[in-house]
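Scroll down for the structure; my scribbles are underneath it.
The values are calculated or read from the model by the stated rules, or taken from the named source; none is laboratory data. What you see is a predicted model, and the numbers here were worked out from it, not measured in a lab. For neighbour counting, all protein chains shown are included, and Cβ atoms are generated from backbone atoms with ideal geometry for every residue, glycine included.
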Ligand SMILES: Nc1ncnc2c1ncn2[C@@H]1O[C@H](COP(=O)(O)OP(=O)(O)OP(=O)(O)O)[C@@H](O)[C@H]1O
């Protein structure tokens, strides 16, 4: 049985009649222009945004890396307490999280050294690592990642993609990855969902990332060029 299923799902006026199943361990990359409804799609999975028609069926344990917003500088909470809250209030358990569970989640994303810092005093990239740890801490069956590479340097971007890829290979966690550039996840993407202004298309990278398909989606001439193994949409 599929892990996540959209059936004739719409959020008016953004996207319509989306029918899509995501399997355990699958890496689905979601692309599309600003404001087309990519974050809304994740919110529909989380249940924080209602569909205007159709249905969505999602698993219980979902990890979420939200689109980056900085924590307030004065927020009086340490990194380890924030990650602990995710575990405590996640769907996995209502027990007080063990220190070792929090430490393991921070170590997994390379943020052990941040555990006792106040979150509001961390840099943008460091805060992104904390959000990764929060998402991983609940042992998710599905990870929803909204532009998770923002603010990360090149090596932290690679580490983040490797972490997600390892997680889906070893734990069968499905990953939905919203991004403006497919290049960092080109090698790990199984399928692309491309949301356009009036329609959407789903398929393997080489089926979707073509001039004719994207021209139809955007309603104007679009070329896809490959330069040194990277895709450029012009
Ligand atoms: N809760 C809401 N109620 C009504 N409209 C909303 C709500 N959340 C977002 N929107 C609107 O829906 C549209 C799509 O927003 P969304 O954030 O899903 O786009 P996106 O594709 O993720 O964009 P970007 O690439 O710029 O992050 C925007 O016009 C936004 O203002």
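At-a-glance table
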{"read-out": "Some residue of the range 148-167 being crowded, with 17+ Cβ neighbours inside 10 Å, modelled with pLDDT of 90 or more and within 16 Å of the ligand (Cβ to nearest atom)", "value": "yes"}
{"read-out": "Residue tally, condition touching a strand residue (DSSP E or B) at 6+ places or on another chain (Cβ under 7 Å) and in a loop (DSSP other than H, G, I, E, B), over the range 187-203", "value": "3"}
{"read-out": "Enumeration of residues in the range 12-53 that are more than 13 Å from the ligand (Cβ to nearest atom) and more than 30 Å from residue 171 (Cα to Cα)", "value": "16, 17, 53"}
{"read-out": "Selection count where residues are in contact (Cβ under 8 Å) with a residue 40 or more places away in the chain and over 20 Å from residue 196 (Cα atoms), scope the range 41-55", "value": "2"}
{"read-out": "Scope the range 186-201; condition away from the ligand (no atom under 16 Å from the Cβ) and in contact (Cβ under 8 Å) with a residue 40 or more places away in the chain; matching residues", "value": "186, 188, 189, 190, 191"}
{"read-out": "Given (1) over 30 Å from residue 37 (Cα atoms); (2) touching a helix residue (DSSP H, G or I) at 6+ places or on another chain (Cβ under 6 Å), index of the condition residue 107 fails", "value": "(2)"}
{"read-out": "Residue match in the range 85-104 (condition: in a helix (DSSP H, G or I) and touching a residue at least 60 places away in the same chain (Cβ under 8 Å))", "value": "no"}
{"read-out": "Which listed residue is more than 16 Å from the ligand (Cβ to nearest atom), free of Cβ contacts under 8 Å to residues at least 24 places away in the same chain and assigned to a loop (DSSP other than H, G, I, E, B), from 221, 206", "value": "221"}
